[in-house]
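Everything below concerns the one structure shown next.
Laboratory data are not the source of any read-out in this text; all were calculated from the coordinates shown. Keep in mind it's a predicted model, so treat the numbers as computed, not measured. Don't worry about glycine lacking a Cβ; one is built from the backbone with ideal geometry, like all the others, and counts go over all protein chains shown.
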Amino acid sequence: MTENLSIKEGKNTPKVTGNKNLSELIFKGNSYPENVLQFYTPILNWVESLSSEKTEIKVECQFYYIASSSVIAFLKLLQKIESSFNKENISFTWKYEEGDDDIKKIGQDYSTILDTPIKIIEVEES
């Protein structure tokens, strides 16, 4: 049985919250962990176990900075979600701070690569 996922925000890792009852996975913060595989593997495993119990998932992201190694690892995570859930039941939201064209562009690139549409939303700087 899937437990909720909770990863506290670190100096160079985002806060990650996975709520199995709501079928939602939320990322907020910076992503440039020293070991990207070590950081993202438990999240991939959580998604896999959730997909055996749920048919839908909502993913919401708000990164302030994301290193190229994290961009690749995060794309693999999104592709895993796409292959594990029915595309009609996936909701991807990509938030970026006003004027942060780099983060916005990464979201647009993911949107081009993936089959699932991504809502790209500008938010005011916090």
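How far, in degrees from 0 to 90, does helix 68-84 lean away from the longest principal axis of the Cα atoms of the chain, to the nearest 10?
Value to nearest ten degrees: 30.
What is the sum of charges, Lys and Arg at +1 and Asp and Glu at -1, for the other residues whose Cβ falls under 11 Å from the Cβ of Glu82?
+2
Once the Cα atoms of helix 101-113 and of the chain are each reduced to a long axis, what angle between those two axes, in degrees from 0 to 90 to the nearest 10, is obtained?
Tilt of helix 101-113: around 40 degrees.
Tally Lys/Arg at +1 and Asp/Glu at -1 over every other residue whose Cβ is under 13 Å from the Cβ of Lys8; what's the total?
After counting each charged neighbour, the total is +2.
Let me confirm the definition first: pairs of Lys residues in segment 5-123, 8 or more apart or on different chains, C-alpha distance under 12 Å. How many are there?
Taking segment 5-123 as the scope, the lysine pair count is 11.
How much length is gained if the chain between Glu125 and Glu98 is pulled fully straight, taking 0.36 nm per residue apart and subtracting their Cα-Cα distance, in nm to one decimal?
Full-extension gain reported as 9.1 nm.
Which residues among segment 49-64 fall inside the zone where the amide N is under 18 Å from a point 7 Å beyond the Cα of Ser91, along Cα→Cβ?
The answer is 51, 54-62.
Report the net charge of residues surrounding Phe39, where surrounding means a beta-carbon distance below 13 angstrom and charges are Lys +1, Arg +1, Asp -1, Glu -1.
For residues surrounding Phe39, the net value is +2.
With +1 on the Cβ of every Lys and Arg and -1 on the Cβ of every Asp and Glu, and nothing else charged, how large is the dipole of the chain about its Cα centre, in debye rounded to the nearest 20?
380 debye
Taking the structure as given and computing Cα extents along the principal axes in Å, which label from [x] 41, 32, 31; [y] 40, 30, 24; [z] 49, 25, 21 fits?
[y]
Can you give the helix-only mean residue ellipticity at 222 nm for the chain, where every DSSP H stretch with n ≥ 4 adds -39500 (n - 2.57) and the sum goes over all residues, rounded to the nearest 500 deg cm²/dmol?
Taking each H run of at least 4 residues, the total per residue is -12000 deg cm²/dmol.
Note the full-extension length gain between Asp109 and Asn21 as 0.36 nm times their separation in residues minus their Cα-Cα distance, in nm to one decimal.
Extra length from Asp109 to Asn21 when fully extended: 28.7 nm.
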